[in-house]
Amino acid sequence: MPTRSRSLPSVAIRREGQVVLMDCGEGAQSSFVRHGLGLNREMLVLISHLHGDHVNGLLGLLQTMSMSQRVRTLTIVAPGELFDWLKSTMEVLHIGLTFEVRFVAVKSGIVLRGSDFRIRAARATHSLEAWSYIFEELPRPGVFDPKNAQALGIPEGRKWSSLQRGRTITVKGRKFHPSQVLGPERPGRRIGYSGDTRPSRTLVRFFAGVDLLIFESTFASRDSDRAVERKHSTAVEAAELAREAGVKRLVLTHFSARYRRTDALLGEARKVFSDTVAAHDGLTLDVPQFSGR
Ligand SMILES: [Zn+2]
Ligand SMILES: [Zn+2]
């Protein structure tokens, strides 16, 4: 439920002109515009499950994109029934879009591959079919060392750029492999998003070592009975999972409207996992590259 200071769930990853939106609660279009995410970017939407607080914003967002003459195809990854709902609602409301929507039904494992990233999904544990996601960049080639290339007698220019792109080249009959002039491969960043869920062994394994984990934290410890009953997590449970999975940083989100402030939940979590932040509307975090995994 929205409160005076908190809107409904929606998290965006902004990266090299691309936007990956995870869940789309009511009002997401307003935040989307307010934060200048761009209505005609390369974009993916990942939906964790079909509870209204995670999907009700989708129709408005699609319409706003259409009003601004979006032309790029938008990809939506979600449980299959979402597509029936969108299709029938758009028919009833006579909504036509200026762009294509490509639907991908979520499944376990790699759901989508891009040129330099991929999306993984794993089953979450909630009161209906629910999924957690990881956005991961593919590893990048190591840093090019020009001194090394010169020492090996490789002429500057096209041959250098071929090596930088990972291709083997030949100079005067001698073969050179990229590994001779590139440093070690640099791991890409990985960002995990839980959606609504109880903590589980599956999710500990799934999120192992991610750079940033955004995990639901609906309840404080004193309401842990409710967390079990409604299939949500407490702040402490989120922190325990983050610690076990060895993630770098944890962001708590999806707080129940019963808590006006989130300090108490954050305090509980930090006792278990110190590198924890409580999300608030508009919070922006940088995920540094190559943080030495
Ligand atoms: Zn839910
Ligand atoms: Zn929810």
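If you filter region 107-139 for trypsin sites (Lys or Arg not before Pro), then keep DSSP loop positions with at most 15 other Cβ within 10 Å, what is left? Mind dumping the intermediate values first?
Details: sites: Lys107, Arg113, Arg118, Arg120, Arg123; in loops: Lys107.
Of the trypsin sites (Lys or Arg not before Pro), the ones in loops of region 107-139 whose Cβ has at most 15 other Cβ atoms within 10 Å are Lys107.
Kindly provide the trypsin sites (Lys or Arg not before Pro) of region 152-238 that DSSP labels as loop, not H, G, I, E or B, and whose Cβ sees at most 15 other Cβ atoms within 10 Å.
Of the trypsin sites (Lys or Arg not before Pro), the ones in loops of region 152-238 whose Cβ has at most 15 other Cβ atoms within 10 Å are Arg165, Arg167, Lys172, Arg230.
Determine the relative contact order of the chain: mean sequence separation of Cα pairs under 8 Å and six or more apart, normalised by residue count, in whole percent.
About 13 percent, as a whole number.
Helix 235-245 sits at what angle to the longest principal axis of the chain, using alpha carbons and giving 0 to 90 degrees rounded to 10?
With both axes taken from Cα atoms, the answer is about 20 degrees.
Nearest 10 degrees, 0 to 90: what angle lies between the long axis of helix 58-67 and the longest principal axis of the chain (Cα atoms)?
That works out to roughly 60 degrees.
Taking θ as phi - 60°, what are the ³J(HN,Hα) couplings along region 206-219 by the Karplus curve (6.51, -1.76, 1.60), each to the nearest whole Hz, with x for Gly and Pro?
For region 206-219, the Karplus curve yields 4, 8, 3, x, 5, 6, 9, 10, 9, 10, 5, 8, 5, 10 Hz.
Stick to Cα atoms and the Kirkwood definition of Rh, then tell me Rg/Rh for the chain. Write out the running numbers ahead of the final one.
Numbers: Rg = 21.9 Å, Rh = 20.9 Å.
Across the chain, the Cα-based Rg/Rh ratio is 1.05.
I'd like the carbon and sulfur percentage of the solvent accessible area for the chain, probe radius 1.4 Å, heavy atoms only, ligands and nucleic acids excluded.
49 percent
What is the sum of charges around Ser162, taking Lys and Arg as +1, Asp and Glu as -1, for the other residues whose C-beta is under 14 Å from the C-beta of Ser162? Intermediate values should be presented prior to the final figure.
Numbers: positive: Arg158, Lys159, Arg165, Arg167, Lys175; negative: Glu156.
Every neighbour counted, the sum reads +4.
Looking at the chain as a GNM with Cα springs under 10 Å, which of Val171, Val33, Val236 has the largest mean-square fluctuation?
Its mean-square fluctuation being the largest, the pick is Val171.
In Å², and per residue, what accessible area does the chain have when probed at 1.4 Å with the other protein chains present?
I get 50 Å² per residue for this part.
Send over the Kirkwood Rh of region 1-91, from the inverse of the averaged 1/r over different Cα pairs, rounded to one decimal Å. Walk me through the numbers on the way to the answer.
Values: mean 1/r = 0.0749 Å⁻¹.
Over region 1-91, the inverse of the mean reciprocal pair distance is 13.4 Å.
As I understand it, the value is the acute angle between the Cα axis of helix 81-92 and the longest principal axis of the Cα atoms of the chain; what does it come to in degrees, rounded to 10?
Roughly 70 degrees between the two axes.
For region 1-82, which GluC sites (Glu not before Pro) are in a loop by DSSP, counting at most 11 other Cβ atoms within 10 Å?
Listed in order of number, the matching sites are Glu16.
Order Trp85, Trp131 by their accessible area, 1.4 angstrom probe, all chains in place, largest first. Write out the running numbers ahead of the final one.
Details: Trp85 90, Trp131 10 Å².
If we order Trp85, Trp131 from most to least accessible, we get Trp85, Trp131.
The values are calculated or read from the model by the stated rules, or taken from the named source; none is laboratory data. It should be emphasised that the depicted structure is a prediction, and the values quoted were computed from it without experimental measurement. So basically every Cβ, Gly included, is an ideal-geometry build from the backbone, and we count neighbours across all protein chains shown. To get the accessible areas, we keep the full protein, side chains included, count just its heavy atoms, and leave off ligands, DNA and RNA. Shrake-Rupley method; radii C 1.70, N 1.55, O 1.52, S 1.80 Å.
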